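Report on one structure; see the data block that follows.
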Amino acid sequence: MINKILKSSFGAGIIIFAVAAVIALPVRTLQFFTVLENGTGFYAKTDWSVYLLYAVIAAAFFGLCIFGFMRRKKLAYSVEAVKRPGFGILSLTAAAGAVINALQSFSFLNGEEIITREGKLNPTILILAAQAAFAALSAIYFLALGLSCIKGSAAASKLRILSLSPVIWSIFRLVHRFTHTISYIRVSDLMFEMLMIAAFILFFMAFAQCNSQVNSKGLEWKIGSYGLTAALLALVCFVPRFIMTLTGNAQLLSSYSVVEYCDFALALFAISAVSTRLTDRAPEEESVPENASAEE
């Protein structure tokens, strides 16, 4: 199995991601019982687990970026109109996650005051409304992408404007985090969320360009590097919180950091995009620049 993964176009990157996830997820789950304050998300103390978690995530990020950049001239993005049932199903899963996030955004709206004490319109209302709207548009895009992959058509590649919806949705998700007037460094969940969303912005931008073939030359490595980084951070954010909720320890979670199922769905989508859509560039494509320069 490992040899098969290593032989794939972004195989070493997938191994880096898997090793980092195997280490990071148990360590992060342990932190909820040891170093995180109940209900706030602040670090009560800094022990070995904090240093190990940060070191693993940082090493994975730099490892993925270095590997991806080294492979930038050898990677291609498959745009063939063939059936991709696995990627199609996970695209539909991403659509479901976007719908859930839109509903969560609307539920948060009910808890916000429309007019502030100063008599001004609450900006958080506008941010959450925009987040919900673009989450819905992203769901439509993922739905179209999933159906086209299951059917074996290339219809979704023509949705160039709609393909930017996940990018804008992620931007509003990030902006919403900035409205929290707390320390982004000391509240580790919030910091991981912000790093995760930033990585998803970069991933979805590269994915939109490659899938729509718009100024996409040389961007394939970003799908792999940023996609797997975003997936790792999404799992770090989702899995421990889900375990805490499932085991009846939801009181250990920060009130700002609820379980967001879209994080898990988008992580699966990113992993699938890297493992199924990235391929090796044809030898003649790699030799074109060299021939052109030789003629000059």
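In the stretch 244-256, which residues are of a type in the set (Ser, Thr, Tyr) and surrounded by fewer than 18 Cβ atoms within 10 Å (Cβ to Cβ)? Matches in the stretch 244-256: Thr245, Thr247, Ser255, Tyr256.
Of the helices (runs of 4 or more DSSP H) lying entirely inside the stretch 170-279, those carrying at least 1 residues that are farther than 24 Å from Phe17 by Cα and in contact (Cβ under 8 Å) with a residue 24 or more places away in the chain are 188-212.
Just one of the numbered conditions (1) modelled with pLDDT of 90 or more; (2) under 20 Å from the mean Cα position of the chain (by Cα); (3) open to solvent by 40 Å² or more (accessible area, probe 1.4 Å) is not true of Phe200: (3). Screening Asp280 against (1) among the charged types (D, E, K, R); (2) within 26 Å of Ile197 (Cα to Cα); (3) at pLDDT below 95 leaves a single unmet condition, (2). Take the stretch 150-169 and flag every residue that is open to solvent by 20 Å² or more (accessible area, probe 1.4 Å) and assigned to a helix (DSSP H, G or I). Matches in the stretch 150-169: Ile150, Lys151, Ala155, Ser157, Lys158, Leu162, Leu164, Ile168.
Residues that are part of a loop (DSSP other than H, G, I, E, B) and under 23 Å from Leu253 (Cα atoms) within the stretch 44-93 comprise Ala44, Lys45, Thr46, Asp47, listed in sequence order.
The values are calculated or read from the model by the stated rules, or taken from the named source; none is laboratory data. In this text the structure is predicted, and so the values were computed from the model without any measurement. Don't worry about glycine lacking a Cβ; one is built from the backbone with ideal geometry, like all the others, and counts go over all protein chains shown. Accessible surface areas use protein heavy atoms only, side chains included; no ligands, DNA or RNA. Shrake-Rupley method; radii C 1.70, N 1.55, O 1.52, S 1.80 Å.
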